[in-house]
Amino acid sequence: MNEIHTIEGLAPEHTLVLFGATGDLARRKLYPALYHMHMRDMLPERFSIVGTARRALTDEAFVSEVRQALLTYGKLSEQDLTDFPDFAKRLRYQAVHADRKDDYAALHELVRELERDGRTPNRLFYLAMAPEFFGDVALSIAACGLSQSPGFCRLIIEKPFGRDFETAQALNEQLRQAFAEEDIYRIDHYLGKEMVQNIEVIRFANSMFEPLWNNRSIANVQITSSETVGVEDRASYYEGAGALRDMVQNHMLQMVMMIAMEPPSRLKTEAIRDEKVKVLRSLRRYGPHDVKENVVRGQYTAGAEGEKGQGLPGYRQEHGVNAASQTETFVAARLFIDNFRWAGVPFYLRTGKRMALKSTEIVIQFRDMPRDLYFNRDGQLGPNLLVIRVNPAEGMYMQLNAKKPGTEGSVVPIAMEFSQDADNAPEAYERLLYDAMRGDSTFFTRWDEVSLAWKFVDPIAEAFREGDAPLETYEAGTWGPDSANALVEKDGYRWWPVYGKDTSSVEDELLRQQARTLEVTP
Ligand SMILES: NC(=O)C1=CN([C@@H]2O[C@H](COP(=O)(O)OP(=O)(O)OC[C@H]3O[C@@H](n4cnc5c(N)ncnc54)[C@H](OP(=O)(O)O)[C@@H]3O)[C@@H](O)[C@H]2O)C=CC1
Ligand SMILES: O=C1O[C@H](COP(=O)(O)O)[C@@H](O)[C@H](O)[C@H]1O
């Protein structure tokens, strides 16, 4: 295994009870994350993982499933598993049907048995199962006494958190009957991404940005989260969700909050969350007419011959999708944050499946110079950009203008770039699990964030349902419907290109622009 950047310190003694232990998320993300933590001595000696699901498994069979998951999804080889026998000692399994009281009693007994080794009876429950179980399982955990312990009792809950404000509120009320707000850890895995967390540091640890971080210097902000994959095997969930609920309500708005929030008075969890939530309070809400003006929705069709999407089916041809589906697989939106800092600055978001590239990037475009003393071939000086590369490459660059070497006054765009090794950095789930173990909920969503995000999204979903924003189409392997470009162009801007994993592509693009630049004497 390659050397991995470390997160410091040992998690406290506890028992992690994982509901949905045989599921896709557990296998793909959670076991690799936990094994990495074990390998890096971040887990205390007295720590166990109790897997639960409906199927009957012996501890040995569970251990063997976890081992297989590490090999299949954990980027690990047999050689990397030399420590696995030690890790396996931490694993136990208990069959639990979500609606069977006796199963919870047996689970409680197993947890108590593990705690007889003298560990502090801290308990962390992770609900990695279908959302319809979240409320009932949380209540059952409380009803059988599992959440009453002299140690901590925390609940990690997966997405989606409701499908609108009303259902989210009902779910929240159920959870709150069983756990206190400060013990509920609502996962948004984008908040566990290194570069999303880094936004705070870039903004609040560099004096050069704060004076410019406002509507006097920033012209617009563009946030793209594009995927090349289609709906895969998740049609039953995605058909009822669409890109608006799946990505905009949570991940995209979280990135908006991180970019737009005021500096917190201190780097304390609630101080940070208080500032984030103020952004949502200032977010302009849209009625049906505004949705048409500010939101574009699209659905992918089969990829065109000769294009990157060649041979890819359209959304309506995907397994499990309704042949007349009206579900959007793409959303672009123009948002406004009506406060002193951001009044008049459009925030453009776009996200979708089966797009040209897998990339999450945030582009901050600065205002033009008040007067253009130089001009390039296009007759205009390019604006300065600060680009935060979230995924799959991690880093940032600033696009500046500089004199083209060897010329008298030609101006060319150059990039000052920083990139970090994304392959060996801890994954989002590892950071978030570790935070929950240590009781740090900074990068989890608080109820008021979730509720305000739904209150912003609900009228848009309603307008979609009522046909107030037409469902457009885009070919698989492209950048979405043309109207997503029009949304930005009507303000006199354009989407800046985003890049994939290859960091050299930024330089290549700038070199292309530089090569096009004619020498001009000012
Ligand atoms: N998969 C992913 O990449 C991602 C998933 N998520 C979220 O994570 C959660 C889990 O998703 P995923 O792992 O894909 O789902 P899966 O369908 O793959 O797994 C569901 C798990 O729940 C168990 N289960 C199903 N029914 C019951 C029941 N009645 N009682 C007890 N256990 C039950 C299943 O095991 P058994 O059949 O043995 O009971 C299985 O372990 C969802 O909320 C999803 O939105 C979020 C981001 C990414
Ligand atoms: O939560 C989700 O996120 C993924 C995209 O995550 P990323 O880390 O790969 O950018 C998306 O595919 C999925 O539909 C959504 O539920």
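The values are calculated or read from the model by the stated rules, or taken from the named source; none is laboratory data. Note that the coordinates shown come from a computational prediction; the quantities given were computed from them, not determined experimentally. Counting neighbours? That spans all protein chains shown, and the Cβs are built from the backbone with ideal geometry, glycine included. Keep in mind that these areas ignore ligands, DNA and RNA; they rest on the heavy atoms of the full protein, side chains included. Shrake-Rupley method; radii C 1.70, N 1.55, O 1.52, S 1.80 Å.
Residues of region 229-261 that are of a type in the set (S, T, N, Q) and more than 10 Å from ligand 2 (Cβ to nearest atom): Ser236, Gln249, Gln254. Does region 139-165 hold any residues that are basic (Lys, Arg) and either away from ligand 2 (no atom under 16 Å from the Cβ) or not in a loop (DSSP other than H, G, I, E, B) (or both), and which are they? The answer is Arg154, and nothing else.
Of all residues in region 324-336, at least one satisfies being part of a loop (DSSP other than H, G, I, E, B) and more than 28 Å from Val450 (Cβ to Cβ).
Filtering Trp495, Trp479 for residues that are more than 16 Å from ligand 2 (Cβ to nearest atom) and under 24 Å from Val279 (Cβ atoms) leaves a single hit, Trp495.
Quick grid of which residues meet (1) crowded, with 20+ Cβ neighbours inside 10 Å; (2) among the polar types (S, T, N, Q); (3) touching a residue at least 12 places away in the same chain (Cβ under 8 Å); (4) part of a strand (DSSP E or B):
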position	(1), (2), (3), (4)
Asp99	no, no, yes, no
Ala106	no, no, yes, no
Pro121	no, no, yes, no
Phe125	yes, no, yes, yes
Thr167	no, yes, no, no
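All conditions but one from (1) of a type in the set (Ser, Thr, Tyr); (2) over 30 Å from Gly298 (Cβ atoms); (3) within 14 Å of ligand 1 (Cβ to nearest atom) apply to Tyr190; the one that does not is (2).
Gly23 meets the conditions (1) within 13 Å of ligand 1 (Cβ to nearest atom); (2) out of contact with any helix residue (DSSP H, G or I) (no Cβ under 6 Å at 6 or more places or on another chain); (3) open to solvent by 80 Å² or more (accessible area, probe 1.4 Å) in every case but one. The failed one is (3). Go through region 169-217 and give me each residue that's in contact (Cβ under 8 Å) with a residue 40 or more places away in the chain and among the acidic types (Asp, Glu). Within region 169-217, Glu181, Glu182, Asp188, Glu194, Glu200, Glu210 meet the criteria. Scan region 192-204 and tell me whether some residue there is assigned to a loop (DSSP other than H, G, I, E, B) and touching an Asp or Glu at 6+ places or on another chain (Cβ under 6 Å). No, because not a single residue in region 192-204 is assigned to a loop (DSSP other than H, G, I, E, B) and touching an Asp or Glu at 6+ places or on another chain (Cβ under 6 Å).
Just one of Tyr35, Tyr73 is assigned by the TED database to the domain that holds Gly151, within 16 Å of ligand 2 (Cβ to nearest atom) and of a type in the set (Ser, Thr, Tyr); which is it? None of the others qualify; the one that does is Tyr73.
Restricting attention to region 484-512 and to residues that are small (Gly, Ala, Ser) and surrounded by 16 or more Cβ atoms within 10 Å (Cβ to Cβ), the residue that is modelled with the lowest pLDDT turns out to be Gly500.
Checking each residue in region 287-320 for being out of contact with any Asp or Glu (no Cβ under 6 Å at 6 or more places or on another chain), open to solvent by 10 Å² or more (accessible area, probe 1.4 Å) and part of a loop (DSSP other than H, G, I, E, B) picks out Gly287, Ala302, Glu305, Gly306, Glu307, Lys308, Gly311, Leu312, Pro313, Glu318, His319, Gly320.
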